[in-house]
Amino acid sequence: MDEGTRIQGLIQIKKILVLFVIPLILLWATAVIYLTISYPDIEWNWDTINTSDIHFPSSFAWGTATAAHQVEGNNFNNNWHLWEESVDDNNVSRIHNNDKSGLAADHWNRYLDDIKLMKNLGVDHYRFSIEWSRIEPEKGVYDKDALEHYRRLCQALVDSNITPVVTLHHFTHPIWFERLGAFEKKENAQFFVKFSTLVFKELRDLVPVWCTFNEPSVFVAQGYFNGIFPPGKKDPVLAGTVMENMLNTHVELYHKLKSLPGGDAVKIGLVKNIFQFDPYRRWNLLDWAFSKLLNDIYTNGPLKFLKNGESTFYLPGMVNNHMSNPDAVGSLDFIGLNYYSRMHVKGHLNPKEPFTFDTREKDIMTDMGYPLYAEGFYRALHTINDLGVPIYVTENGLADDTDEVRPIFIKRYLYALNRALKDRINIKGYFYWSLMDNFEWAEGYKMKFGLYDVNFETQKRTLRKGSIPFIEMVNKRGADERGYIVSVGEKAPDFEIHYTSGKKENLHDLRGDVVVLQFTASWCSVCRLEMPHLEKDVWQKYKDKGVRLIGIDRDEPLETVLKFQKDIGTTYPLALDPGANIFGLFADKNAGVTRNIVIDRNGKIVFLTRLFEEKEYQEMIEAIKSLL
Ligand code: BGC
């Protein structure tokens, strides 16, 4: 090659680089940067998080959840029974280890004992499902005894101060309904609406919260995409139809039940599972593209339908089903969220296998092969909050035979839940999945989801040690809407006061005096506003009349506190509170700082303020006066 040709060649390469390769790299880099910023991968540093410093509102509902086919036993007349009895093309059972649901946890007969298990946990709600195939074993033939059984169950719960929460469809329906084509056919919705109406009329006086469907996305994905739940089909177009029909049936049923007597008094919603699909390689646009497609079809599409009444069920080259129903708008009194984990997606340039799921070595895994990802729970709560309706976490839990991961899971996920509450997301309650071990669908009995271990030979239930963090949180004192964990009328918790002067004494040493604890911090502008008033109206006026005003400074070093006092010009004593541990005796540690606590001569709390509001402040002054 002569020199001229070589130079020509180099010029050509340069041209290609300038015209194509560099712009492509820039485009790719811009896209990756944009996606990374728009969809950050939230991961918290758990080493620095104290998961026990949290309080839930005292009105928060705590419960456990089960589903009929998984726990009742002897359900031989539904789609899952057919599935358990069938084999695949290789003559292999559809269920792991050839398990059959059989007697399951015999909850049908043992429900009274199981209510005692709930009482032992301290929960006050129970979510369970009604087995349609028991109530209507043949089309149009109803079993009164079965209906009465569920009434007895609800009554027993109510008598035990446990609120029943009913799910009308949790993956199972009668064989006759399956044979009619179930939700593959639009016209079959009427049968489910009829059954649900009957159950509603029977139980509406006992059941204040109703879930129409459990997880349409899981039912559709596993039954019509992956073929591992009945009816075991792999048909994306049919999957789209079933999704549309289920969502429309929810809408119809919601409006029907609301129109019945008692409809206004109850809350009706749908249970949505969220599993995030996140790119395995955040630099890889294919991973991003498939993640987006999966998130849209699985989560965003159904949520959009429930919010706006319009949406699409779309996978390129496979299905493009537009769903539209104006009545979907306003068809939720609440939304149920089931959250377990996320999946990492790898995209491929292989049309036969365009994507696969992968796991990362650093993740802690559950027996289901899901990574522990409490941050995803937090993300999912934000996602679902976009519907603008109250939220119940209707399921959350893990399979862990070792019982070693369970306590970590519980602590982290409850922390994430609490953090979402702090963001003012309207979450009404949380149901742990599950009360006890049960038949885990295609995974059979291998998966141990229970707070209670069940010995399926003897039906003996035993509390798992790893469940204790859940029990502790349920039974921990709740915080009120102002963040207080103490209330008026109670004895003030005792603690040692470390004054900035170096002097120390206990709160109980001050018995005989009226004590006003003022929680403060140098960075708190409302505190700064209030402090001169406290100085004038409380300290200067009553310091010689038996009133002790003490400012407790939240977690700041001595020098900062001394400087703060000097700046503000107050003279009443300030004390230190490293780690905000004293604050944490009175209020949720994460709650705001400006608050005063008035304690009478006997150590009893008589007044609590929050922020600096004229009316409340004056009432506090009156309360102090009345104690002198
Ligand atoms: C279902 C439950 C199931 C749980 C654990 C949820 O998708 O509603 O029935 O047992 O996940 O896999």
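Descriptive notes on the structure:
- Annotation: for a label point projected 7 angstrom from Cα along Cα→Cβ of SER160, residues of the stretch 67-88 with backbone N closer than 19 Å are 67-73.
- Residues of type aspartates and glutamates that LYS119 reaches as a straight line, Cα spacing below 17 Å, ignoring anything fewer than 8 places off in the same chain: ASP159, ASP453, GLU472
- Cβ-defined net charge surrounding THR66, 13 Å radius [Lys, Arg +1; Asp, Glu -1]: -4
- Size of charge dipole - the chain - debye, nearest 20, with Cβ of Lys, Arg +1 and Asp, Glu -1, no other charges: 940
- Net length gained if the chain between ASP555 and ASP41 were fully extended (0.36 nm per residue, minus Cα distance): 181.9 nm
- Dipole magnitude of the stretch 84-189 about its Cα centre (Cβ charges: Lys, Arg +1; Asp, Glu -1), debye to nearest 20: 340
- Maximal additional length on extending the ASP386-ASN284 stretch stands at 33.9 nm, based on 0.36 nm per residue less the C-alpha distance.
- Net length gained if the chain between LYS545 and LYS615 were fully extended (0.36 nm per residue, minus Cα distance): 22.8 nm
- Phi to ³J(HN,Hα) by Karplus 6.51 cos²θ - 1.76 cosθ + 1.60 over the stretch 250-259, Hz, x for Gly, Pro: 4, 4, 4, 5, 4, 5, 4, 5, 5, 7
- Contact order, relative form, for the stretch 29-155: 28 percent (alpha carbon pairs under 8 Å, 6 or more residues apart, mean separation divided by residue count).
- Accessible surface for the stretch 183-235, divided over its residues, is 36 Å² per residue with a 1.4 Å probe.
- For ILE364, the residues whose modelled amide H falls within less than 5 Å of its own, excluding neighbours fewer than 5 places apart on the same chain, are LEU372.
- For the stretch 123-138 versus the stretch 469-516, the spacing of their alpha-carbon centroids is 45 Å.
- Measuring with a 1.4 angstrom probe and ignoring ligands and nucleic acids, TYR298 comes out at about 30 Å² accessible.
- Cα centroid separation - the stretch 1-48 against the stretch 158-227, whole Å: 52
- Within the accessible area of the stretch 261-412 (1.4 Å probe), percent carbon and sulfur: 54
- Each Lys and Arg adds +1 at its Cβ and each Asp and Glu adds -1 at its Cβ; summed about the Cα centre, the stretch 368-492 shows a dipole of about 480 debye.
- Accessible area ranking (1.4 Å probe, heavy atoms, ligands and nucleic acids excluded), largest first, for PHE191, PHE583: PHE191, PHE583.
- Out-of-range pairs (alpha-carbon distance over 21 Å; input LYS304/LYS411; LYS411/LYS448; LYS411/LYS589; LYS566/LYS604; LYS476/LYS615; LYS201/LYS307): LYS304/LYS411; LYS566/LYS604; LYS476/LYS615; LYS201/LYS307
- What the stretch 553-628 shows is 44 Å² of accessible area per residue, with the surface traced by a 1.4 Å probe over protein heavy atoms.
- Rolled with a 1.4 Å probe across the full set of protein chains, the surface gives HIS382 an accessible area near 80 Å².
- Here the accessible area is traced with a 1.4 Å probe on the protein chains. For the stretch 583-628, carbon and sulfur cover 50 percent of it.
- Over the chain, relative contact order from alpha-carbon pairs under 8 Å, at least 6 apart, %: 12
- Considering helices alone, the calculated mean residue ellipticity of the chain at 222 nm is -10500 deg cm²/dmol, with DSSP H runs of length four and up weighted by -39500 (n - 2.57) and normalised per residue.
- Residues in the stretch 254-278 that a label on ILE425 would reach, taking backbone N under 16 Å of a point 7 Å out along Cα→Cβ: 271-277
- Accessible surface ranking that places the most exposed of TRP283, TRP108, TRP28, TRP441 first, with a 1.4 angstrom probe: TRP283, TRP28, TRP108, TRP441
- Inter-label distance for SER52 and ASN226, nm, one decimal - labels placed 7 Å from Cα along Cα-to-Cβ: 3.7
- Of all lysines in the structure, the ones whose alpha carbon falls short of 21 Å from that of LYS352, not counting any fewer than 8 places away in one chain, are LYS233, LYS234, LYS292.
- Where no second cysteine Cβ lies under 4.7 Å, the cysteines concerned in the chain: CYS154, CYS211
- The chain: C-alpha gyration tensor shape, a/c 1.5 cut-off, then a/b vs b/c: oblate
- As a fraction of the 1.4 Å probe accessible area of the stretch 58-156, surface on carbon and sulfur atoms comes out at 45 percent.
The values are calculated or read from the model by the stated rules, or taken from the named source; none is laboratory data. These figures come from a predicted structure and were not determined experimentally. With ideal geometry, Cβ positions are generated from the backbone for all residues, glycine too; neighbour counts draw on all protein chains shown. The area values use the complete protein model at the heavy-atom level, side chains included, leaving out ligands, DNA and RNA. Shrake-Rupley method; radii C 1.70, N 1.55, O 1.52, S 1.80 Å.
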